Amino acid sequence: MIEFRHLRKEYPAANGTLVALDDINLSIENGVIYGIIGLSGAGKSTLVRCINLLERPTAGEIVIDGEDLVKASGKRLREIRRNIGMIFQGFNLLEQRTVEANVRFPLELVKTPKEQANRRIDELLRLVGLQDKAKAYPSQISGGQKQRVAIARALATGPKYLLCDEATSALDPNTTNSILELLKDINRKLGVTIVIITHEMKVVESICSYVAVIDKSKIVEHGKVAELFSCPKSEIAKELILPGLIRSESTPGNKLRLIFDGSVTDKPLISALSRECGVEVNILFADTKTIDGKIFGHMVIAMPNDDRAVAEIKSFLDKNGVTYKEGI
């Protein structure tokens with residue numbers, strides 16, 4: 001388990017002190033894929049870099065499997081770091097080394113015997129689907145393949161945790177999807193805990209079970225992805241998750257927001273509502289997703305200027321188990 005306890009990170013600035021992280025308290029259970037999402041400059045990359053002390057916190061604790069990493073040093077710190085792999089947006093491959101040699105590098109650092117290292121490299125290149133690129137150089141492969149090499153290298157020493165700092169931001173949508181599928185496969189096959197830093201909610205939706213939202217150096221919300229998606233509470237979470245919902249606030253008239261929390265089946269709800277209630281429904285906004293086989297999301301509909309019709313619509317929604325909220 002990774003635990004942040006009252007974590008604070010400050011940087012000296014021209015006008016005094018810049019607070020990058022402010023009293024962060026968060027727990028990440030073993031075996032999960034956990035997303036940390038926020039706008040640029042919110043502090044999310046600083047937070048993930050604190051996990052392996054690439055950034056040393058100003059105050060607080062980073063407890064990994066019961067041990068405070070901040071208090072570790074020398075040999076013990078190196079041992080703990082071996083359990084923490086990391087991949088970056090820019091891949092950070094060694095350009096003068098082949099794919100095979102890039103994956104070998106961390107094994108050389110820990111003096112792994114050559115035959116053992118060869119078996120491990122072959123195993124990892126098969127895992128990431130690059131066994132045919134072993135002798136290629138980074139300049140000869142695509143961006144998605146470079147990230148696969150970076151993932152294989154991060155897994156070389158058999159880490160328990162894998163940190164991904166905007167790992168898909170430099171990739172096109174199709175390549176992003178393939179990398180996310182690979183990470184899910186790694187999590188499932190190896191049981192590696194994965195922490196993903198991103199500003200894209202689509203990344204969180206497609207791969208994460210849990211998510212924390214960071215804004216202006218503070219964690220403002222955290223929990224299961226499905227719950228946060230169906231009912232974001234903070235303004236920044238609404239902006240990140242459902243920007244179209246925010247825009248629909250400016251539409252005049254009475255509105256009703258339907259909240260799909262996974263309990264309603266995928267059926268033609270609005271057409272049934274119109275038919276049974278005898279009203280035409282104007283959909284102002286809709287965004288629903290299938291997460292773990294269930295429907296989550298929101299829909300904003302314009303309400304008629306008829307109290308009786310409104311009452312019938314609410315009665316229909318109640319009967320069909322749809323949660324709703326007046327206004328936005």
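The values are calculated or read from the model by the stated rules, or taken from the named source; none is laboratory data. If you're wondering where the values come from, they're calculated on a predicted model, not measured in any experiment. So basically every Cβ, Gly included, is an ideal-geometry build from the backbone, and we count neighbours across all protein chains shown.
Summary table
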read-out: Any hit, region 24-39, residues being assigned by TED's automatic domain parsing to the domain that holds Y210, polar (S, T, N, Q), surrounded by fewer than 21 Cβ atoms within 10 Å (Cβ to Cβ) and not in a loop (DSSP other than H, G, I, E, B); value: yes
read-out: Meets criteria (farther than 23 Å from G38 by Cβ, of a type outside the set (D, E), assigned by TED's automatic domain parsing to the domain that holds D65 and part of a helix (DSSP H, G or I)) for S178; value: yes
read-out: Neighbours by Cβ (under 8 Å, 6+ apart or cross-chain): first from region 168-192, among the hydroxyl-bearing types (S, T, Y); second modelled with pLDDT of 90 or more and in a loop (DSSP other than H, G, I, E, B); value: T175/S142
read-out: Single residue of region 40-49 satisfying the filter (in contact (Cβ under 8 Å) with a residue 60 or more places away in the chain and surrounded by 15 or more Cβ atoms within 10 Å (Cβ to Cβ)) that is farthest from V213 (Cα to Cα); value: R49
read-out: Pairs, first more than 18 Å from L93 (Cα to Cα) in region 105-118, second of a type in the set (D, E, K, R) and assigned to a loop (DSSP other than H, G, I, E, B), C-beta under 9 Å, six or more apart; value: V110/R82
read-out: Qualifying residues in region 188-214 (those that are surrounded by fewer than 21 Cβ atoms within 10 Å (Cβ to Cβ) and in contact with a Ser or Thr (Cβ under 8 Å, 6 or more places away or on another chain)) - the one nearest to K289 (Cα to Cα); value: E200
read-out: Lone qualifier among Q131, Q147 - being on the phi < 0 side of the Ramachandran plot and touching a residue at least 12 places away in the same chain (Cβ under 8 Å); value: Q147
read-out: Test set (1) surrounded by fewer than 17 Cβ atoms within 10 Å (Cβ to Cβ); (2) in contact with a Cys (Cβ under 9 Å, 6 or more places away or on another chain); (3) not charged (D, E, K, R) - I151 fails condition number; value: (1)
read-out: Close pairs (6 angstrom Cβ cut-off, 6 or more residues apart or separate chains): among the aromatic types (F, W, Y) in region 300-328, part of a strand (DSSP E or B) and surrounded by 17 or more Cβ atoms within 10 Å (Cβ to Cβ) anywhere; value: Y324/L256; Y324/L258
read-out: Pairs where the first residue, in region 1-25, is over 12 Å from T46 (Cα atoms) and the second is surrounded by 12 or more Cβ atoms within 10 Å (Cβ to Cβ) and β-branched (V, I, T), C-beta under 6 Å, 6+ apart; value: I2/I28; I2/I64; E3/V63; F4/I24
read-out: Residues satisfying the stated conditions in region 106-133, i.e. of a type in the set (S, T, Y) and farther than 16 Å from P159 by Cα; value: none
read-out: Residue tally, condition touching a Lys or Arg at 6+ places or on another chain (Cβ under 7 Å), crowded, with 17+ Cβ neighbours inside 10 Å and assigned to a loop (DSSP other than H, G, I, E, B), over region 53-63; value: 2
